[in-house]
Structure formats: structure tokens, C-alpha cells
Amino acid sequence: MNTCIAFIGGGNMASAIIGGLLKAGHAAADLLVVEPFEAQRARLAADFGLQPLAAADASLQRAGLVLWAVKPQLFTEASLPCRPHVQQALQLSVMAGIRSEGLVAATAAQRVVRAMPNTPALIGQGIAGLYARPEVTAADRALVEQVLRPTGTTLWVEREADLDAVTALSGSGPAYFFYIVEAMMAAAIEMGLSAEQGRQLALATCAGAAALALQSDESPATLRERVTSKGGTTYAALSSLQADGVGAAVQRAVLAAQQRARELGDEFGN
């Protein structure tokens, strides 16, 4: 991949992608970063040997792909000095809430892909939902997949509105997992184990269960039934969860996240 890539914003997600690209052999000279905050520019220089720009300039015209990684509320301000230099490039956004129409309006570029990654991308274990506007070519899609490959897996959706569901499931999903682990740790302490013992047991169990489900052809429901003997310990726990309506509560929580994703899209405009 010889494409010059410009990052608008150099925070955690951009840094994860930059680190992955460099490990994969991408030339540092073909990575441009616009980062207004001096402390973050210093980190990028120290970590990756880059020389980030404090402000956009004509050097962005080198970029075949522009990756937008600023906070959504800062997008309009960040895009203004970039617009004259990026109109011919493929645009890839990892920003929540900024719809593709907004990216087209701000950049005057038609080839726009939106990505919704999640925080495990920081260790190469993420998953990103992707949506491409009709003007995006097959080669553009392949380039986006290649750029994001170091952060984990990708999943294309056909409708942009589906990214709200992606946000609710995988974008916000790690927080649901951490919430459950917190509850399991609290139960461990109540049963007499230490917080660290509870942490190790809960995290290893959840990681192992996820790995098993990913490698298995059986559904999660079937896997659950295989470890649930009627009258046993797992049966007692699941019966308690069902009595408390935990399944329905989780579904309501995910739908609430989806609704908020829609609202953020409306708030930041098209």
C-alpha cells in the first residue's frame, strides 16, 4: 500500500491505526497528521517518529486517503482549512454522529466511507462497521479494509442508518461487557474472594466464552444450553437472571444506544 494517508486528528483511534500501519510496513513519510494540540503532537513524534502539522496546509494534497478522527463537535472547524486540499481524496471517517452528507458538504469530495470502530481496536482486537456512499469504488473499499486491518475486523452495511445499530452493538458494546465484569467482581468479593481474584476469573471466563463462541458453529443459545444442567448451579444463576428480566433489560439498553446515535446524527446535522 503506497497511498499517502492524511489523518485529521491524532488521538487514540488515529494512533492505533497509525501504529498498525507502521508495523505493517507503511512508510512513515506517507503518513501526514494534522493535530492542533501540542502535547499530542509530541506524543506522535515520540511514539512513531512523525512530524505532525499544527494546522492543515497544501501538503494534504499528497493524500490519496484522508482519515477524519476529530471529535464530532470540532469537525466543522477542522474541515474548513482542509477543504481546498482534500477534494480529490477518498474520505474515511471514524467520527460518531457526522453523517456522510456532512462529510461531502464539508470536503466537496463524493467518495466517502464512514467507519464505526470500537475501543478494542487499540489492541488490534476491534471490529468496525463500514458504510460506503455509491461513489466509492471496489478499489476504495479494499483500501479502507487494508487501512483498518491492523485494528481488527470489518463489517460492511448497506444502509447508513445501520451504523446506528452498529454503534449500539459494538461501538458501545465494550462498556456493557465491562459493566457485567464489574458486577461479577462485586459478587466475587461478597463470596470471599479478593477483587483481583474476581477480576482474573471474570475476565478469563468472558474472554474464553467469547473465543469459544467465535470458533463454534453452534449458536450462543445452544452453547448456553450445553453448560446448563437442570437443577445445577448454572441453571440457578440463569433462572435468577431471567426472573430479573436481564435479557429484556439488555435489549432495551442497546435500543436506547441506537436511539441516542440517531439523535447525535440529527444534532450534528447532515
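The values are calculated or read from the model by the stated rules, or taken from the named source; none is laboratory data. If you're wondering where the values come from, they're calculated on a predicted model, not measured in any experiment. Counting neighbours? That spans all protein chains shown, and the Cβs are built from the backbone with ideal geometry, glycine included.
Among the residues of segment 59-67, are any at pLDDT 95 or above, over 25 Å from Q258 (Cα atoms) and part of a strand (DSSP E or B)?
Yes - at least one qualifying residue is present in segment 59-67.
Has segment 189-201 got at least one residue that is surrounded by 10 or more Cβ atoms within 10 Å (Cβ to Cβ) and closer than 30 Å to D162 by Cβ?
So far as segment 189-201 goes, no, none of its residues is surrounded by 10 or more Cβ atoms within 10 Å (Cβ to Cβ) and closer than 30 Å to D162 by Cβ.
Only one of (1) surrounded by 12 or more Cβ atoms within 10 Å (Cβ to Cβ); (2) without any contact (Cβ under 8 Å) to a residue 60 or more places away in the chain; (3) not in a helix (DSSP H, G or I) is not met by E160, so which one is it?
The one condition E160 does not meet is (2).
Return the only residue of A261, A175, A213, A221 being part of a helix (DSSP H, G or I) and at pLDDT below 95.
Selected residue: A261, the only one of A261, A175, A213, A221 that is part of a helix (DSSP H, G or I) and at pLDDT below 95.
Can you pull out the residues in segment 80-118 that are hydroxyl-bearing (S, T, Y) and free of Cβ contacts under 8 Å to residues at least 60 places away in the same chain?
Result: S93, T107.
Which condition breaks for R114 when tested against (1) surrounded by 16 or more Cβ atoms within 10 Å (Cβ to Cβ); (2) of a type outside the set (D, E); (3) more than 21 Å from I5 (Cβ to Cβ)?
The one condition R114 does not meet is (3).
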